[in-house]
Amino acid sequence: FVDREPPFECLHEFDDESRSHIVRAIAYHREGLTVQDAVVTRKITFGSFEEVNRVILWVSVTDRDDEFVTDLEVERFDVLENGKSQQILELVKEDRPISMAILLDSSGSMQEELREVQAAAGSFVETLRDEDRAMVIDFDDRVFLIQELTSDREALRETVASTQAIGGTSLYDALHSAYRLMGGTEGRKAIIVLSDGDDSSSQFSFKRVLEEAKTNNTLIYTIGLGSGIGGSGRSVLKDFAEYTGGRSFFVKNARDLAGVYERIAEELRSQVYLTYSTSVDEWDGRWVKLQVKTAQPGHEVRARRGFFAVRGKNSGD
């Protein structure tokens, strides 16, 4: 296995036979330096073996007035895989820390709206709890990580305020970078992306990055700003959000952004954590469609639309 970009990671499926393995890692520096290390895994003998595959979902529920519902009973829910009901194992209020990437479009078309964008995003940073962490990614025709994951709200505010509007729009490249940078992060993850137009500069395609979105258990919230978001642009932002269990928002004026960011923050605080036992027994990479339903009339449920049947990658087992 070869990986040329951080974070460096490798998922290896050892077979069912219990035996020792030697795992060696070698790093090659461009200037010729080489370092390496190795570990030997222990042989473990099991008296019995039972496989339990779990899928983890973050679920948001709203009522007819679009207010969040948190007093939920597991008996009222149903999880469907390709139309077949599954066994729900756990449903609890989600209050664990969250790691998020805040993606800000700083293309030239954002110049007039930039101050209000910065103010709204800065206010969103204030909603983070002490245990939460965020990074800031700025994108125009290139992508810049301008703040690594941190719980320092002051540093995040200063970083957001430092963005400048120039160049084109590399939305897909920015999302791809967010996935790479958050790849080694455990627990609940979210990406909040603001853009005012269609992608014009990315090296990665919409199809490629949407596959990443469907592969990663990361919520995406998208915000389309202004009249520059056309039919295809709106569809792109909606697809990223809906496939991952997030939500898309579209506003004409930057002065409305504060309310949108507040709504996203409220949703992240109102989610429930649902775990179910999947009936998937062949991990052959196919797409498994998911639907989460509730028997309560008038309730709308948002959760990811599915996962690829790859062991340990999507299901959180």
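Would you please list the contacts, defined by Cβ atoms under 6 Å and residues six or more apart or on different chains, that run from a residue in segment 236-262 that is in a helix (DSSP H, G or I) and at pLDDT 95 or above to a residue that is open to solvent by less than 60 Å² (accessible area, probe 1.4 Å) and charged (D, E, K, R)?
Listed pairs, sorted by first residue: Ala241/Arg247; Tyr243/Lys214; Thr244/Arg304.
Out of the strands (runs of 3 or more DSSP E) lying entirely within segment 73-112, which hold 2 or more residues that are exposed (fewer than 14 other Cβ atoms within 10 Å of the Cβ) and not basic (Lys, Arg)?
In segment 73-112, the matching strands (runs of 3 or more DSSP E) lie at 87-93.
Give me a count of the residues in segment 275-311 that are modelled with pLDDT under 95, assigned to a loop (DSSP other than H, G, I, E, B) and either in contact with a helix residue (DSSP H, G or I) (Cβ under 8 Å, 6 or more places away or on another chain) or aliphatic (A, V, I, L, M) (or both).
5
All but one of (1) touching a strand residue (DSSP E or B) at 6+ places or on another chain (Cβ under 6 Å); (2) at pLDDT 90 or above hold for Thr185, so report the exception by its number.
(2) is the only condition that Thr185 fails.
Would you pick out the residues in segment 201-235 that are at pLDDT below 90 and either open to solvent by 60 Å² or more (accessible area, probe 1.4 Å) or on the phi > 0 side of the Ramachandran plot (or both)?
Residues satisfying the conditions are Gly226, Ser227, Gly231, Ser232.
Restricting the search to segment 53-72, which residues are in a loop (DSSP other than H, G, I, E, B), within 23 Å of the chain's Cα centre (by Cα) and surrounded by 14 or more Cβ atoms within 10 Å (Cβ to Cβ)?
Hits for segment 53-72 are Asn53, Val69.
For every residue, the table says whether it meets (1) more than 22 Å from Arg263 (Cα to Cα); (2) open to solvent by 70 Å² or more (accessible area, probe 1.4 Å); (3) assigned to a helix (DSSP H, G or I).
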site: Phe124; (1), (2), (3): no, no, yes
site: Glu131; (1), (2), (3): no, yes, no
site: Asp141; (1), (2), (3): yes, yes, no
site: Glu148; (1), (2), (3): yes, yes, no
site: Glu154; (1), (2), (3): no, yes, yes
site: Arg157; (1), (2), (3): no, yes, yes
site: Thr163; (1), (2), (3): yes, no, no
site: Ile166; (1), (2), (3): yes, yes, no
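I'd like the residue in segment 113-122 that is more than 13 Å from Arg153 (Cβ to Cβ) and of a type outside the set (Val, Ile, Thr) and, out of all such residues, is least open to solvent (accessible area, probe 1.4 Å). So that I can check it myself, show each step before the final result.
So the first thing to find is which residues in segment 113-122 are more than 13 Å from Arg153 (Cβ to Cβ), and the list is 113-120.
Still in the list and also of a type outside the set (Val, Ile, Thr): 113-116, 118-120.
Working: Glu113: 54, Leu114: 25, Arg115: 202, Glu116: 84, Gln118: 34, Ala119: 61, Ala120: 5 Å².
Among residues in segment 113-122 that are more than 13 Å from Arg153 (Cβ to Cβ) and of a type outside the set (Val, Ile, Thr), the one least open to solvent (accessible area, probe 1.4 Å) is Ala120.
Only one of Ser232, Ser270, Ser279 is small (Gly, Ala, Ser) and within 20 Å of the chain's Cα centre (by Cα). Can you tell me which?
Numbers: Ser232 fails: within 20 Å of the chain's Cα centre (by Cα); Ser279 fails: within 20 Å of the chain's Cα centre (by Cα).
Result: Ser270 is the single residue among Ser232, Ser270, Ser279 that is small (Gly, Ala, Ser) and within 20 Å of the chain's Cα centre (by Cα).
Considering segment 249-262 alone, what residues qualify as being under 16 Å from Phe124 (Cα atoms) and open to solvent by less than 40 Å² (accessible area, probe 1.4 Å)? Outline the logic, then answer.
The initial filter retains those residues of segment 249-262 that are under 16 Å from Phe124 (Cα atoms), namely 249, 254-262.
Selection gives Phe249, Ala254, Leu257, Val260, Tyr261.
Scan segment 191-207 and give yes if some residue there is within 26 Å of Gly285 (Cα to Cα) and in contact with a strand residue (DSSP E or B) (Cβ under 9 Å, 6 or more places away or on another chain), otherwise no.
The first filter runs over segment 191-207 and keeps only residues within 26 Å of Gly285 (Cα to Cα), leaving 191, 203-207.
Restricting the remaining residues to those that are in contact with a strand residue (DSSP E or B) (Cβ under 9 Å, 6 or more places away or on another chain) gives 191.
Looking through segment 191-207, at least one residue is within 26 Å of Gly285 (Cα to Cα) and in contact with a strand residue (DSSP E or B) (Cβ under 9 Å, 6 or more places away or on another chain).
Is it true that some residue in segment 24-47 is within 30 Å of Arg305 (Cα to Cα) and not small (Gly, Ala, Ser)?
Our first condition is that a residue be within 30 Å of Arg305 (Cα to Cα); within segment 24-47, this holds for none.
Within segment 24-47, not a single residue is within 30 Å of Arg305 (Cα to Cα) and not small (Gly, Ala, Ser).
Here's the yes/no breakdown for (1) of a type in the set (Val, Ile, Thr); (2) closer than 25 Å to Asp66 by Cβ; (3) open to solvent by less than 20 Å² (accessible area, probe 1.4 Å):
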site	(1), (2), (3)
Gln271	no, yes, yes
Thr275	yes, no, yes
Glu282	no, no, no
Arg286	no, no, no
Arg302	no, yes, no
Arg305	no, yes, no
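For the subset of segment 11-34 comprising residues that are loosely packed, with under 10 Cβ neighbours inside 10 Å, in contact with a Lys or Arg (Cβ under 9 Å, 6 or more places away or on another chain) and not acidic (Asp, Glu), which member is farthest from Trp283 (Cα to Cα)?
Filtering first and then ranking leaves Ser20.
The values are calculated or read from the model by the stated rules, or taken from the named source; none is laboratory data. Computed from a predicted structure; not experimentally measured. Positions of Cβ are generated from backbone atoms using ideal geometry, with glycine treated the same way; all protein chains shown enter the neighbour counts. In case anyone asks, the SASA skips ligands and DNA or RNA and just uses the protein heavy atoms, side chains included. Shrake-Rupley method; radii C 1.70, N 1.55, O 1.52, S 1.80 Å.
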